[in-house]
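Below is one structure, written out as structure tokens; comments come after it.
The values are calculated or read from the model by the stated rules, or taken from the named source; none is laboratory data. Because the structure is a prediction, the values reported are computed rather than measured. Each accessible area value is taken on the protein alone, full model and side chains, heavy atoms only, with ligands, DNA and RNA left out. Shrake-Rupley method; radii C 1.70, N 1.55, O 1.52, S 1.80 Å.
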Amino acid sequence: MSLPSIKNLALFALGALLLTACGKEYTTLPTSPTITQGIYGTVVERWGDWQPHPGSTVSAGETPISNDIYVYEYTTLSDLNSLSNDENGILRFPIDSMPYPLVATTASASNGFYQIQLPAGHYSVLLLENGMLYSCGFDSNVGLMPVTVDSGQVVRFNLVLDHAIY
């Protein structure tokens with residue numbers, strides 16, 4: 001092989017290496033926590049008919065999404081000042097209806113991953129959709145998406161923005 005051919009091959013290899021490294025820098029998203037105390041997990045949007053019947057052509061699934069996440073002091077449904085139902089019967093809460101202070105906020109990445117450093121405590125974790133807060137579940141006291149973080153604990157806490165039919 002001649003010297004110009006080796007030089008061209010070396011430049012090609014270097015260019016491919018740089019493109020690969022740059023691509024990874026922008027496309028690799030975190031999937032495990034780097035925090036020392038708080039919560040982390042994945043946000044998914046669930047859609048479709050989860051109780052299909054014979055002859056049904058509606059599909060169902062869930063997809064990781066980027067979404068805003070709000071953490072409040074533990075809040076129950078009866079603590080809220082006002083509620084709203086959309087056309088699908090999903091409960092939503094105006095931000096100003098929350099009686100307790102906002103503790104933290106973040107957004108999940110496009111792969112759905114999020115993490116929030118939090119002090120030890122008991123919290124309600126809500127998603128923001130169309131300017132309204134959304135709770136994807138309750139505890140036995142009708143507490144909105146409750147999670148407890150103990151000192152030195154990192155809790156996996158997955159969230160679902162549910163648009164499915166059951």
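General remarks:
- Hits in region 26-50 (condition: at pLDDT below 75 and open to solvent by 50 Å² or more (accessible area, probe 1.4 Å)): 26, 27, 28, 29, 30, 50
- Some residue of region 87-106 being modelled with pLDDT under 90, at positive phi and in a loop (DSSP other than H, G, I, E, B): yes
- Within region 85-106, one or more residues are open to solvent by less than 50 Å² (accessible area, probe 1.4 Å), closer than 14 Å to residue 40 by Cα and under 17 Å from the mean Cα position of the chain (by Cα).
- Residues satisfying the stated conditions in region 130-166, i.e. within 30 Å of residue 53 (Cα to Cα) and either part of a strand (DSSP E or B) or open to solvent by less than 30 Å² (accessible area, probe 1.4 Å) (or both): 134, 135, 137, 138, 159, 160, 161, 162, 163, 164, 165
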